[in-house]
Amino acid sequence: MSIAGDQKTEFTVPVWPALIIPILQVLSENGTLHRKDLFDRAAATAGLDEAARTETLNSGGLRYEHRMGWVLANTARAGWIDRPARGQYAINAVGRAWMAENPDGLTYGQAREVFAPFWPSQARKTPSHETDLPIPILEVLDPVEQIEDGINRIHQEVGEELLRRLRESHPDFFEQAVVNLLLKMGYGGVEQRGKRIGGTGDEGIDGIIDQDALGLDQVYIQAKRYKLGSNIGRETIQAFVGALHGFGATRGVFITTSAFTPAAISYTAGVPSRIILIDGQRLVTLMIKYLVGVQSKQTYAVVEVDDDFFD
């Protein structure tokens, strides 16, 4: 999801109603299956490619497994599948009959009509003035993904504000901020060995991170506080590589509040030195992740029924 520009919710994994038929079909063909085996086979039946199978939630779980879990929850409530043992699922006669009558599955709107009677009362309420409106994107997501979508929108807004402030900050402040970020990410070890060295006569290096106590392994930093559209070109990266050679260094991180041109990216991939490029979008994403320049305002706990408790 983009940090800058229009907010979009785009996923490679199809919405959960599109996974109903693959789930029921696999159960119909294979009998009782463990949840993991069911998801693997249903993913193949649904034709999910590598991108869809590896797409993750912010929490780290696989999105397709999460959405298939939502299918299991809804079809179980509707009485289409049974759970004969912990983690095991099987389609029943009701589910087989429904699948025979609905071989093409359901759209989200149809799924809402079918399953809403089994949802908690608040979840199935639709305000009368919205009944003729298109289904909003959040209704296509299950509750956990709704939370993640809301967090993503907050992160987008915060990221845009971070970029604005960084671009308006003093160069010294920006250089120190990127050093702080790398230290917070774990570079510099437990002793937090890193410092800003920017200023007159810095020889093209704005900071150094010592990876060991003696400073034998070092990461050099270049930080450019540029406005949107003033992208870093190949020549600037070449100058940074030259500066690294002057220090006898082989690793560097180039961070900017703008972006890099394709020529700069291509050049970086071909040089012997290990150079990491961090543009403005990735910069603020990392700042938010490692809580640099931001603070955690509130934490929410997501709960689910503990099946082990009832077994």
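The values are calculated or read from the model by the stated rules, or taken from the named source; none is laboratory data. All values derive from a computational prediction rather than experimental measurement. No Cβ is skipped: glycine too gets one built from the backbone with ideal geometry, and neighbour counts run over all protein chains shown. Note: accessible area is taken over every heavy atom of the protein model, side chains too, but ligands, DNA and RNA are not part of it. Shrake-Rupley method; radii C 1.70, N 1.55, O 1.52, S 1.80 Å.
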Cut-off under 5 Å, modelled amide H: who pairs with Q218 long-range:
Q211
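State the percentage of accessible surface on the stretch 266-311 attributable to carbon and sulfur atoms; use a 1.4 Å probe and exclude ligands, DNA and RNA. It would help to have the intermediate numbers written out before the result.
Details: 1850 of 3590 Å².
The nonpolar share, carbon plus sulfur, comes to 51 percent.
Rounded to the nearest whole Å², what accessible area per residue is found for the stretch 13-112 with the 1.4 Å probe?
Details: 4450 Å² over 100 residues.
Result: 45 Å² per residue.
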From the phi of every residue in the stretch 100-112, what ³J(HN,Hα) in whole Hz does the Karplus formula 6.51 cos²θ - 1.76 cosθ + 1.60 yield, where θ is phi - 60° and glycine or proline is x?
5, 7, 10, x, 8, x, 9, 7, 5, x, 5, 4, 4
Once you've got the Cα coordinates, tell me which of K195/K289; K36/K184; K184/K297; K195/K224; K227/K297 are over 26 Å apart.
K36/K184; K227/K297
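With N residues in the stretch 18-60, what two-decimal value do you get for its Cα radius of gyration over 2.2 N^0.38 Å? Intermediate results must be reported in sequence, preceding the final value.
Working: Rg = 11.1 Å, N = 43, 2.2 N^0.38 = 9.2 Å.
The reported ratio for this selection is 1.21.
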22 Å tail of the calculated P(r), the stretch 218-311, as % of Cα pairs:
44
For the ranges 294-301, 53-60, 181-188, 70-77, what's the packing order if you count other beta-carbon atoms within 10 Å of each residue, average per peptide, and put the highest first?
70-77, 181-188, 53-60, 294-301
